[in-house]
Amino acid sequence: MNKWRKATSFVLAVVMAATVAGCTKKPGSEAVATVNGEEITRAQLDKRLAKMVEVYKSQGLDFTTEQGKGMKKALERQLLDGMVEEKLLLQEAKKQGVLPSDSDIKAKVEETKKKFDSEEKFLNALKTYNMDIKEFADWTKQNIALDALFNKVTKDVTVSDADIKKYYDENKETFKQGEKVRARHILIKFDTPNEKVGRTTDQAKQEILAVLDRINKGEDFAKLAKEKSEDPGSKDKGGEYTFGRGEMVKEFEDAAFSLKPGQVTKEPVKTVYGFHIIKLEEKIPAKSKSFEEVKGELQASLPLQKKQEVFAKYTSDLKSKATIDIKLPNPPAPAPGTGPAGQGGAKGEKPPGHP
């Protein structure tokens, strides 16, 4: 009798254990949000979070500190909010009948592949985003669908000449152009952690001083720039750039703006890129752009801006009618400028629908 009881107890224990194991969800399968009944899982969120953490780490952000951990929580919630919006818009795209067909998706993937020299290079490019071909196809599907929905919702949006003029009149401050300079420079590089050119700082300085000596003896600056400068962006233009405040590294900018037209820096200017000799060609005074100067620019940009405003309202209306359940607590907001958003935030995020 006792043996039968022991055997029965053992069988029941095994059955119970199997039942519990069968009911236990796989790690990561629990929902962190639902959108009209459709789940977003912890695994999906973690995957996207891991990608973004790597992006910010590469920019020098440390997530191991207390502040960093808070930033990570804020980033997690920011990404989840984005995923909720994506899910909602994809549901709407399905309702509106604008989901792409399998052949559309395949054609778009093949079109992307052709931009690479080989399929191997294409797959290696995907690896840099921690994606495989299936994930890329899913991402492509989402982007085609969201583009199609955007186009359908905003197809009747137009901007008249009167709208453009009104926008200009109401935003004249944004069309003020600060003082600019047109300058030339010659760059000689030295070894840095990011680039090895086989030249020490002292060697670079001696080389740039030799170039400066040739300039002081009357040689043409633009010709010397084409011959000696190691800046590929300006070398072929005789070292020329036109720029305003905030567009160049501070040491370079300060030196250029301190010169008078025709003057050359008396000493080489050291920046993170190397040593520079700078010649100021002209100073361009600050001014306000007239309506005629910006009309073409506004004709190109305002329609998209207005479409984005219409689509944002459309999305907001969808959210107000949807049943959305966010299961993560709201994280404490990081100090202004300290979190990922302060370093680019949404700008650094992958496009909508990126896995």
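The values are calculated or read from the model by the stated rules, or taken from the named source; none is laboratory data. Since the model is a prediction, treat every value here as computed from it, not as a measurement. As a convention, Cβ positions derive from the backbone with ideal geometry for all residues, glycine included, and neighbour counts pool all protein chains shown.
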- Message: Criterion first (more than 23 Å from the chain's Cα centre (by Cα) and not assigned by TED's automatic domain parsing to the domain that holds residue 210) does residue 129 satisfy it?
- Response: no
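Considering each of 212, 280, 224 in turn, give the residue that is crowded, with 16+ Cβ neighbours inside 10 Å, under 21 Å from residue 177 (Cβ atoms) and not basic (Lys, Arg). Break it down into steps so the answer makes sense when it comes.
Numbers: 212 fails: under 21 Å from residue 177 (Cβ atoms); 224 fails: under 21 Å from residue 177 (Cβ atoms).
Result: 280 is the single residue among 212, 280, 224 that is crowded, with 16+ Cβ neighbours inside 10 Å, under 21 Å from residue 177 (Cβ atoms) and not basic (Lys, Arg).
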- Would you list the helices (runs of 4 or more DSSP H) that sit entirely within the stretch 56-175 and hold 3 or more residues that are among the β-branched types (Val, Ile, Thr)? 102-113, 133-154
- Task: With a cut-off of at least 2 residues that are modelled with pLDDT of 95 or more and of a type in the set (Lys, Arg), name the strands (runs of 3 or more DSSP E) lying wholly within the stretch 239-346.
- Result: 274-284
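Every residue, every condition in (1) under 26 Å from residue 270 (Cβ atoms); (2) hydroxyl-bearing (Ser, Thr, Tyr); (3) not assigned by TED's automatic domain parsing to the domain that holds residue 272, yes or no:
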| site | (1), (2), (3) |
| --- | --- |
| 167 | no, yes, yes |
| 171 | no, no, yes |
| 184 | yes, no, no |
| 203 | yes, no, no |
| 210 | yes, no, no |
- Task: Take residue 197 and decide whether it is within 30 Å of the chain's Cα centre (by Cα) and either of a type in the set (S, T, N, Q) or surrounded by 15 or more Cβ atoms within 10 Å (Cβ to Cβ) (or both).
- Result: no
- In the stretch 161-183, anything within 28 Å of residue 281 (Cα to Cα) and among the aromatic types (Phe, Trp, Tyr) is listed as 175
- Query: Do we have any residue at all in the stretch 225-233 that's under 17 Å from residue 268 (Cα atoms), of a type in the set (Ser, Thr, Tyr) and without any contact (Cβ under 8 Å) to a residue 60 or more places away in the chain?
  - Reply: yes
- Pull up the stretch 249-272, narrow it to residues that are crowded, with 18+ Cβ neighbours inside 10 Å and over 16 Å from residue 180 (Cβ atoms), then point me to the one that is nearest to the chain's Cα centre (by Cα). 269
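Could you tell me whether the stretch 113-128 includes any residue that is at pLDDT 95 or above, among the β-branched types (Val, Ile, Thr) and closer than 30 Å to residue 328 by Cβ?
Within the stretch 113-128 (the criterion being at pLDDT 95 or above, among the β-branched types (Val, Ile, Thr) and closer than 30 Å to residue 328 by Cβ), the answer is no, since none of the residues qualifies.
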- Right, residue 96: closer than 22 Å to residue 49 by Cα and touching a residue at least 40 places away in the same chain (Cβ under 8 Å) or not? no
- Can you work out which of the residues in the stretch 292-328 that are more than 28 Å from residue 84 (Cβ to Cβ) and either in contact with an Asp or Glu (Cβ under 8 Å, 6 or more places away or on another chain) or of a type in the set (Val, Ile, Thr) (or both) is surrounded by the fewest Cβ atoms within 10 Å (Cβ to Cβ)? 302
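For (1) over 19 Å from the mean Cα position of the chain (by Cα); (2) farther than 28 Å from residue 153 by Cβ; (3) surrounded by fewer than 15 Cβ atoms within 10 Å (Cβ to Cβ), each residue gets a yes or a no:
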| position | (1), (2), (3) |
| --- | --- |
| 37 | yes, no, yes |
| 61 | no, yes, no |
| 75 | no, yes, no |
| 83 | no, no, no |
| 112 | yes, no, yes |
| 135 | yes, no, no |
